[in-house]
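I have placed the structure first, in the form of structure tokens, so that the comments after it can refer back to it.
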Amino acid sequence: MITKSIPARAHSRTFAVGVDYITQHTHQRAAAAPGHTFERGVAYASTPGKAAWVHLRRVASVERAAIEMEAIAALSPRCHDPVYHLIIAYAKHERPTREQVVSDAERLLTAIGMEKHQYVLAAHQDTDDFHAHVIANRVGPDGRANDLWHERIIRERVCAEIAAERGWDIVVGRHNRDIVQRIERLHDLPPEPERRLSDGAYRRLNERGELPWQDVARPYILEAVDAARDWSDLRDRLGAHSIVVKLVRRGDRMQGLAFAEGLSRNAPGCAASRIDARCALRAMESRFGPFTPADEPAPGVLRSEPWSDSVRPSILAAVDEAASWSDLRHRLDQSGIVIKLVERGGRVQGLAFAQGSHPDAPGCGASRINPRCKKAALEQRFGPFPKDQSRERSHNASETSSHGRAHGRGGLRDRAEHDPRRDPSWALHKAAHIADHARMRSAYAAYRDRFLAKRGRLLDAHRNAAWERERAQRQLEAQRRREARQLLRAVARFGTRGVLARHLAYWSIDAVIARRRAHQYDTSRVRWEATKIALAAERGLARKEKPTDYRSFVTEQARAGDTGAQRVLDMLAPARSPQGSALQGEPQAVGLNKVRLRLDVIRAGEEARYERARGQRERLQRLAQPAKLDDVLATERKRIEKRAADRMQFTEAERARLTEIAGQKRTWNPLYRLAASREEAGLHATQRLRFEAELTEAMRDFDAREAPQIARRVAADERGYRQYVTESLALENQKNEARTLLRDRIPRVEQRLTALERAGASQVELHGDTPRASFNDLAVAIDRQYNALSETLRQQADWGLRRDHRDRGWPRDMF
């Protein structure tokens with residue numbers, strides 16, 4: 001798979017070029033021409049007999065594609081070659097489907113930066129190799145043209161990645177050698193461990209009720225590492241939990257160990273050092289010797305015989321000769337072997353044999369010894385297995401071994417084995433809790449996505465609106481400059497005589513307009529920089545407003561009456577803050593008058609907050625945007641240069657000599673004139689050298705002394721300006737929040753409170769203390785009770801409120 005980009009050269013600013021000329025020529029001659037215009041490219045790509053099928057994006061049809069692309073390209077008048085012609089060619093043995101061709105084209109355009117641009121894709125089969133033509137518009141819907149930066153390098157690397165993913169031959173180029181090397185050694189490299197989670201990512205996982213893989217697998221891995229005797233024993237113990245240990249290499253250099261849930265590169269896992277320091281490669285090799293892969297024995301150490309093979313004759317002899325369960329235990333005790341019942345979560349798994357009662361003693365399942373040792377086969381001979389004795393022995397053994405274990409290690413398995421549930425409906429209860437938790441996590445993830453998407457849309461809308469205002473202002477200034485230039489040229493045309501005078505007037509007018517344009521450009525740049533600072537401050541304040549955490553979200557859902565959320569909240573650990581205990585108590589019935597009094601207090605507080613924010617914002621000392629450091633330094637350097645030029649002028653003697661030289665240059669003798677010219681050039685060179693030496697010394701002194709002071713002063717001014725902008729925006733946000741609460745939210749809650757009173761309600765169920773209840777708590781309680789009313793009661797209450805408002809003459813849009 002290879003790609004080729006036909007260079008696009010715009011011979012005119014229009015796209016009205018004939019299509020017949022392109023379609024009448026052969027493939028090799030016509031392939032170089034479609035890059036000139038959209039119409040020629042689309043016509044060539046979709047020519048009947050060449051195109052097997054056509055795919056369009058952001059255009060209505062093939063017939064209208066050139067016109068629509070032309071309209072979008074007109075948004076960027078500075079782009080003279082908007083046509084981008086791309087050819088994707090496949091080898092003879094590569095037979096991609098239509099979906100794969102479209103996916104390859106969009107992947108290439110996305111990598112180049114044209115993921116939202118228009119294009120027409122046509123697959124051709126008129127040559128020996130299957131290929132596709134893509135005629136894309138370099139100008140996007142936002143009016144910005146793609147600069148095709150490193151387009152050839154990007155195409156070469158993307159083609160290598162696509163070929164590697166599909167198992168095709170990679171065309172080695174100058175810029176994809178690292179990809180080829182990585183793909184060729186892919187089967188030799190172990191899976192790369194995941195990157196270490198940041199504090200923020202770890203906190204977000206905990207808020208969502210999730211844990212990283214290493215935290216879930218740490219108890220099992222540490223238990224296996226502490227109990228293992230060699231590498232094979234460690235692999236066996238980890239294999240019981242479907243965990244493998246692998247050696248991580250980077251080329252010829254060894255990195256360390258990694259644990260994962262399989263040998264696949266995409267299997268979840270982590271580096272050994274992220275589990276614990278004693279799991280690192282150096283610590284493990286100090287205990288077990290050099291690490292060896294699973295398929296070859298350790299050097300100098302013979303692989304021991306499996307425990308099941310060594311004890312199989314003894315167990316089979318005891319099983320065949322025993323007449324009961326007690327007789328079987330007695331015969332096995334002579335060899336130091338115990339038989340026990342294996343249970344997982346209250347469900348019996350089967351029988352197991354072990355070399356002692358210690359939980360870490362070697363053992364195996366009964367089925368690994370022989371089928372006649374299974375629990376079902378032995379119960380047919382000896383009757384039901386005596387569970388009480390097995391449970392008593394295992395309990396005593398667990399009490400004996402629990403003192404030697406680290407605290408918290410294997411806690412999940414111990415709880416599952418030592419706290420079995422005898423209730424048959426336990427599994428259903430657990431499944432219901434798991435389903436509730438999964439539903440709440442899904443709802444919380446959807447809430448977070450909506451919150452972040454809404455915040456992103458608002459920020460983008462603010463930035464786009466600010467840029468539209470700035471662009472409209474610049475367009476207005478440019479229009480005024482054009483009108484002024486036309487007016488001045490018209491006045492000069494009628495007010496001057498002679499071609500020379502007219503051209504001199506035109507030159508003066510152009511110079512004045514150029515200075516005006518430069519001044520307006522500087523002003524607009526400074527204005528847009530100030531706008532960007534304000535937008536950055538607003539973005540920072542918006543990002544401080546974060547979505548509620550998982551516990552608060554579940555609490556709100558539980559307050560809204562969701563029983564599943566209440567069960568999930570009961571499963572969660574109690575919150576650290578005392579405010580989280582408000583939901584644990586029963587809701588209190590509060591009278592409507594007390595609720596109104598609390599709303600009056602909240603309204604008074606918000607009014608005071610609004611006035612306080614308004615007063616503080618008015619008292620803020622307004623600061624102008626400071627000048628850039630480069631501009632200040634450039635101004636100072638010009639001043640130093642001018643001062644050095646003034647100081648290094650010609651001396652009085654040199655001026656007198658220059659006057660004499662000027663007289664000598666007017667003499668008739670050419671030798672005198674030549675000598676005078678050389679002497680004059682020498683004086684000017686001497687003066688220039690003095691000036692450069694003085695300027696170099698002054699600049700060196702300026703950079704060493706004054707430049708750092710100016711940088712500190714400018715930085716202090718910028719900090720003060722940013723602080724002023726941040727404080728001003730924060731106070732403005734406080735005003736807006738208080739205004740929204742006073743004008744919209746509090747009247748809406750009061751309206752629903754009045755509707756409840758008209759419907760016959762006299763109390764509201766409220767969690768927590770009423771005198772300290774927040775506005776959100778009141779709003780949630782009133783909305784919940786208002787929504788609980790029947791549709792008829794709500795309609796009657798709303799109609800009564802509207803009738804009262806109409807009688808009082810209140811405007812309709814107030815409520």
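Where a number appears in this text, it was derived from the coordinates with a stated rule and is not lab data. Because the structure is a prediction, the values reported are computed rather than measured. In this analysis, Cβ positions are derived from the backbone assuming ideal geometry, glycine residues included, and neighbour counts consider all displayed protein chains.
Note on Leu504 and Gln763: the model spin-label points, each 7 Å out from Cα along the C-beta direction, lie 9.9 nm apart.
What number in nm² do you get for the range 649-776 if you take the convex hull of its Cα atoms and divide its surface by four?
Details: hull surface 76.6 nm².
Over every viewing direction, the Cα hull of the range 649-776 projects on average to 19.2 nm².
Computed log10 I(q)/I(0) for the range 667-710 at 0.18, 0.21 Å⁻¹: -0.63, -0.71, from the Debye equation with unit scatterers placed on every C-alpha and solvent omitted. Taking label points 7 Å from Cα along the Cα-to-Cβ direction, Asp226 and Arg712 give a separation of 5.8 nm. Restricting the range 598-684 to chymotrypsin sites (Phe, Trp or Tyr not before Pro) that sit in a DSSP loop and have at most 16 other Cβ atoms within 10 Å of their own Cβ leaves Phe650, Trp668.
One decimal place: the segment Ala704-Glu611 gains 28.5 nm when fully extended, by the rule 0.36 nm per residue minus the C-alpha distance.
In this rough spin-label picture, where each label sits 7 Å from Cα along the Cβ direction, the Ser286-Ser524 distance is 6.9 nm. The residues neighbouring Asp327, those whose beta-carbon lies less than 12 Å from its own, together hold a net charge of 0 under the Lys/Arg +1, Asp/Glu -1 convention.
What is the local net charge at Lys374, summed over the other residues whose Cβ is closer than 15 Å to its Cβ (Lys, Arg +1; Asp, Glu -1)? Can you show the working numbers first?
Numbers: positive: Arg312, Lys340, Arg368, Arg372, Lys375, Arg381; negative: Asp320, Glu379.
Net local charge, Lys374 excluded: +4.
Restriction of the trypsin sites (Lys or Arg not before Pro) in the range 67-156 to DSSP coil positions whose beta-carbon has at most 15 other beta-carbons within 10 angstrom yields Arg78, Lys92, Lys116, Arg144. Among the GluC sites (Glu not before Pro) found in the range 490-573, those both in a DSSP coil and sparsely packed, with 12 or fewer other Cβ atoms within 10 Å of their Cβ, are Glu545.
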